């Protein structure tokens with residue numbers, strides 16, 4: 001892989017097992033006994049290809065947007081690139097430290113306080129205790145949750161949880177940033193702070209792979225766009241050109 005290439009996908013495919021419908025409850029057995037239609041239409045084992053033969057490169061400092069309808073495979077692609085999932089076929093090569101911002105707050109323990117979760121989630125992201133202690137006030141200030149540090153996260157709203165998670169995840173400037181719809185977290189003021197933080201990282205040379213349903217956000221931040229539908233790459237190209245084409249396709 002060339003030195004200036006930070007992310008490279010080669011013929012990447014991802015298959016999920018849809019599984020078999022399990023009929024273990026007395027209630028379900030009773031319904032099935034009296035329902036011929038239920039027996040006739042009983043689900044069988046099957047597979048779903050979330051990604052099919054995806055190939056593209058992201059160069060150092062580029063900001064690449066991923067667009068597509070719900071269920072197109074965008075979030076799955078981010079998880080494959082960040083190493084959360086291993087592709088069924090093909091290869092993913094990355095060249096640098098990755099900071100994935102996918103499903104913010106997923107690593108929190110709801111029974112622990114915000115203070116405790118800063119150290120827990122930070123450890124999951126690979127930060128040392130000394131580093132987290134050094135950056136603690138900075139994390140708290142950015143999250144705007146100083147008055148809630150000793151409140152269990154289970155009592156937080158979804159917006160508060162996302163604020164805390166975003167503040168922890170962005171305390172370092174990673175070489176590769178993987179972002180899934182995080183600029184819509186919190187209130188309008190925090191959304192603006194999140195966007196400005198992203199812009200700072202981009203100006204600092206961070207390579208970004210960014211998923212959003214907001215075409216305005218994609219157009220503002222991204223150098224190029226990858227359009228995928230039903231797990232297949234439709235096109236990759238200049239941001240405005242691909243976004244306009246995608247919009248027209250959605251409006252048909």
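Restricting attention to region 202-221, which residues are touching a strand residue (DSSP E or B) at 6+ places or on another chain (Cβ under 6 Å) and over 23 Å from residue 246 (Cβ atoms)?
Answer for region 202-221, where residues must be touching a strand residue (DSSP E or B) at 6+ places or on another chain (Cβ under 6 Å) and over 23 Å from residue 246 (Cβ atoms): just 206.
Considering only residues that are under 19 Å from the mean Cα position of the chain (by Cα) and assigned to a helix (DSSP H, G or I), which ones fall in region 124-136?
The answer is 124, and nothing else.
Which one is surrounded by the fewest Cβ atoms within 10 Å (Cβ to Cβ) among residues in region 137-152 that are assigned to a helix (DSSP H, G or I) and touching a helix residue (DSSP H, G or I) at 6+ places or on another chain (Cβ under 8 Å)?
Among residues in region 137-152 that are assigned to a helix (DSSP H, G or I) and touching a helix residue (DSSP H, G or I) at 6+ places or on another chain (Cβ under 8 Å), the one surrounded by the fewest Cβ atoms within 10 Å (Cβ to Cβ) is 146.
Are any of the residues in region 18-41 modelled with pLDDT of 70 or more, touching a strand residue (DSSP E or B) at 6+ places or on another chain (Cβ under 6 Å) and either surrounded by fewer than 18 Cβ atoms within 10 Å (Cβ to Cβ) or assigned to a loop (DSSP other than H, G, I, E, B) (or both)?
Yes, some residue in region 18-41 is modelled with pLDDT of 70 or more, touching a strand residue (DSSP E or B) at 6+ places or on another chain (Cβ under 6 Å) and either surrounded by fewer than 18 Cβ atoms within 10 Å (Cβ to Cβ) or assigned to a loop (DSSP other than H, G, I, E, B) (or both).
What residue, among those in region 84-110 that are surrounded by fewer than 20 Cβ atoms within 10 Å (Cβ to Cβ), within 24 Å of residue 163 (Cα to Cα) and touching a strand residue (DSSP E or B) at 6+ places or on another chain (Cβ under 8 Å), is modelled with the lowest pLDDT?
Across region 84-110, the extreme among qualifying residues is 103.
Tell me yes or no: at least one residue of region 153-170 is surrounded by fewer than 20 Cβ atoms within 10 Å (Cβ to Cβ), closer than 24 Å to residue 110 by Cβ and touching a helix residue (DSSP H, G or I) at 6+ places or on another chain (Cβ under 8 Å).
Yes, region 153-170 contains at least one residue that is surrounded by fewer than 20 Cβ atoms within 10 Å (Cβ to Cβ), closer than 24 Å to residue 110 by Cβ and touching a helix residue (DSSP H, G or I) at 6+ places or on another chain (Cβ under 8 Å).
So which residues in region 177-223 are outside any helix (DSSP H, G or I) and either more than 18 Å from the chain's Cα centre (by Cα) or modelled with pLDDT under 85 (or both), if there are any at all?
Listed by number, the residues that qualify are 180, 181, 185, 186, 187, 204, 205, 223.
The values are calculated or read from the model by the stated rules, or taken from the named source; none is laboratory data. None of these values were measured; they are calculated from a predicted model. In this analysis, Cβ positions are derived from the backbone assuming ideal geometry, glycine residues included, and neighbour counts consider all displayed protein chains.
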